[in-house]
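Participant: Just dropping this structure here.
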Amino acid sequence: MLAALIPNVWFFAAATAVTYAADWYLHQRGSYLVNRLNKVRAGLPIRFLLRQLMLILLLARLDLAEDPLFYAAVATFLLFYGLQAPHGALTTLIRLRRTMPVVTRNVDLHAVRIPDAPPGTLLRRSAEKMLHLDIPAVAGILIAAGTGEDIVGFVGAALTLVLALAYLAALVPYIRRGRLVPPAAAVLKAVDTWLREYQPTVVLYFSGSNESAYQGNMWLETMARVEGRPLIIMRERGLVPQLSETSVPVLCIPAGTHLMNLDLSTVRVCLYPANVGKNIHILRVPTMKHVFIGHGDSDKLASVNPYSKVYDEVWTAGRAGRDRYALADVGIRDEDIVEVGRPQLEPILSWTGAVKNPIPTVLYAPTWEGWDDNPGNTSLLLAGENIVRRLLAADDPVRIIYKPHPFTGIRSGKAKAVDARIRGMLGKAAAERAAEPRWAKEAERAAAAQSAAKAELVRIDSRLAELAAVGHSGGDESEESRVSLADPAREAETAQLRAAWNDAYWRSFGWWEHRTVTGAQPKLYDCFNESDAMVSDISSVVSDFIASGKPYAVTDSAALGAEEFKRQNTAVRAAVILSNSAEELDELLAAVADPAADALAEARRELKTYLLGPDEPTSMEQFNAAVRALTAKAEARNAGVAQRLGDQPVAVPDREAASSGVGTGEPEVLAEAGAAADPDAVGGAEAQVEAAAAETAVTEGTSAVR
């Protein structure tokens, strides 16, 4: 505006370039500011329109208001703005009519035809692309105003309108019926047909926010190894792209009414890794047994949530979980608790008693700040910087791996700031260490190997991308549902490459270099295996790390005192207890350096059995035994209901076929029996209202399950 009022063409051109660049940058970063601007009616179209109005003002201030260039500019921007409406309508229509009621993985919906999606370049961030087509007009008019060559302005304006019309023309073919997905009813019918053919017996039901994908991912390998015919049911479309590679069939069903009307009559066991409101949409099905398995074993209050009363059983890792519920007295009966171990912990290597590298590696893995301001939630706020500072200043050098919780900073700005400062501390310490002669010599010796490892990472990433493209090459989620089918050979190669990637990652930098690890790779358990000790908070991370047998420390952030802290939290009974000053870290480092100084070694072995269960039988064997036992209870219940309803024939799934993953036999009539016993089980208008009200009540913290 200032440049237009002065007026100065080249000042205006420079300012315009800055605004284009700033807008692009903020959108690339997914900036919070972009959302705020939309809220105050300064969204993307308005910002572009204002820039164009400023250009008209500039022309007027340059005394060009009577020139053909002025009228051409006004007409061009009006026409261009008018084209936004059909463009927005077309892109919205295409997206809506290419959205299926389900998103699938490893499910062959051959009964319906799913056409290829439009090219991603047409629909991805389409509004931004359309609006940026004004650049030729803006640039041409500015050049014309500055040089007097009006022809440049006319060409630029014409080019903008031609490009906009061409964009619209490119979208039109994709609104034809043949390029759209089948109607919802047809897709749901195909899903039911597939369910009757596959006859799933065990379901992992997962719902949550975009940040909670890890809670479901940790159970994928277990589901791939469970006895029977496993199925994963999800509720949020945004979580499907975050799902790790799996051979297990996946159904994402966002609408509760669609879920409640699916034929799940062959399912006998439903597993829940999280307590969320949407669980009620399947908890209401009586023909299956419902089990809370959680997403970790810890002494947090969430691990003994009274909501757990809604499930038929609660499965815990070891005896500690059972005792935790007894002490909490939240209404969970002891006979409804089953100890199944932690099958996910098999990748964690046991400690040999010696450090892995010439200097010890300490993992700092704090949990997040939680939903309230309880000082015991995380060590990050009160102790995080002290922990890192004392490790950096240790008498004998140590390497620090810092892996913050994925939720860190989503609620607390202070936690986010501390996290940033710790990353800065480690970056600075790494740079200082690299400059020291001792480490510089090590870096020189390892340079060739590190370069080779980095090259290997590039090669592996490239191959993984190729394999992902083969398995998930769809242009949108509907096309991906069609092409994302299980391929044992591809999955085996992917697993091998991921293991090779992990090995190359740790070789790509020095064993003396501090590191901040974020993102999906490397995984937390890979960090466990790379470290010699860990510092953490009260969370499932501690219980999982205990499986390694390595020394660990836990911060008493709430300042309860060591004895009270141990009394309240089972997982810290074999830990070095840290105050917020972290001055007790020397004890942890001594235990790592000298096994003779490790006074807690025997306590850790005993605690491992108490928390995670015995080593024999294996966790997977215990888990499968629990599935078999609960399946038998579900079948007995269904047979009894069928008999009470008039001796209806009951088709029991073939146990042997279920174990091999091959569906046999006719579809069961148990859904009818369950519906007769519980009319709400099949949905309908009353069921939808009841489910919606119950979900709202659960979300608001009210017990809605009777």
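The values are calculated or read from the model by the stated rules, or taken from the named source; none is laboratory data. These figures come from a predicted structure and were not determined experimentally. Glycine gets a Cβ as well: all are built from the backbone with ideal geometry, and neighbour counts include every protein chain shown.
Participant: Can you name the residue in region 45-103 that is farther than 30 Å from residue 148 by Cα and of a type in the set (D, E, K, R) and is also farthest from the chain's Cα centre (by Cα) among such residues?
Facilitator: Within region 45-103, the match that is farthest from the chain's Cα centre (by Cα) is 97.
Participant: Next up: If I go through region 318-360 residue by residue, how many of them are within 22 Å of residue 293 (Cβ to Cβ) and among the polar types (S, T, N, Q)?
Facilitator: 1
Participant: Let me ask something else. Filtering region 250-266 down to residues that are assigned to a helix (DSSP H, G or I) and touching a residue at least 40 places away in the same chain (Cβ under 8 Å), which residue is surrounded by the most Cβ atoms within 10 Å (Cβ to Cβ)?
Facilitator: That would be 260.
Participant: Within region 531-551, can one find any residue that is in contact with a Cys (Cβ under 7 Å, 6 or more places away or on another chain), hydrophobic (A, V, I, L, M, F, W, C) and not in a helix (DSSP H, G or I)?
Facilitator: No, region 531-551 has no match at all.
Participant: Give the residue that is nearest to residue 588 (Cα to Cα), with candidates limited to residues of region 509-523 that are surrounded by 18 or more Cβ atoms within 10 Å (Cβ to Cβ) and out of contact with any Phe, Trp or Tyr (no Cβ under 6 Å at 6 or more places or on another chain).
Facilitator: If we take residues in region 509-523 being surrounded by 18 or more Cβ atoms within 10 Å (Cβ to Cβ) and out of contact with any Phe, Trp or Tyr (no Cβ under 6 Å at 6 or more places or on another chain), then 514 is nearest to residue 588 (Cα to Cα).
Participant: Looking only at region 381-417, count every residue that is within 20 Å of residue 579 (Cα to Cα) and outside any helix (DSSP H, G or I) and tell me the total.
Facilitator: 6
Participant: Taking region 267-281 on its own, how many of its residues are part of a helix (DSSP H, G or I), farther than 22 Å from residue 623 by Cα and not basic (Lys, Arg)?
Facilitator: Adding up the residues that qualify gives 3.
Participant: Report whether or not residue 542 is under 16 Å from residue 342 (Cα atoms), in contact with a strand residue (DSSP E or B) (Cβ under 8 Å, 6 or more places away or on another chain), outside the structural domain of residue 297 (by TED's automatic domain parsing) and not aromatic (Phe, Trp, Tyr).
Facilitator: The answer is yes for residue 542.
Participant: Name, by its number, the condition in (1) in contact (Cβ under 8 Å) with a residue 12 or more places away in the chain; (2) within 19 Å of residue 460 (Cα to Cα); (3) part of a loop (DSSP other than H, G, I, E, B) that does not hold for residue 510.
Facilitator: Residue 510 satisfies every listed condition except (2).
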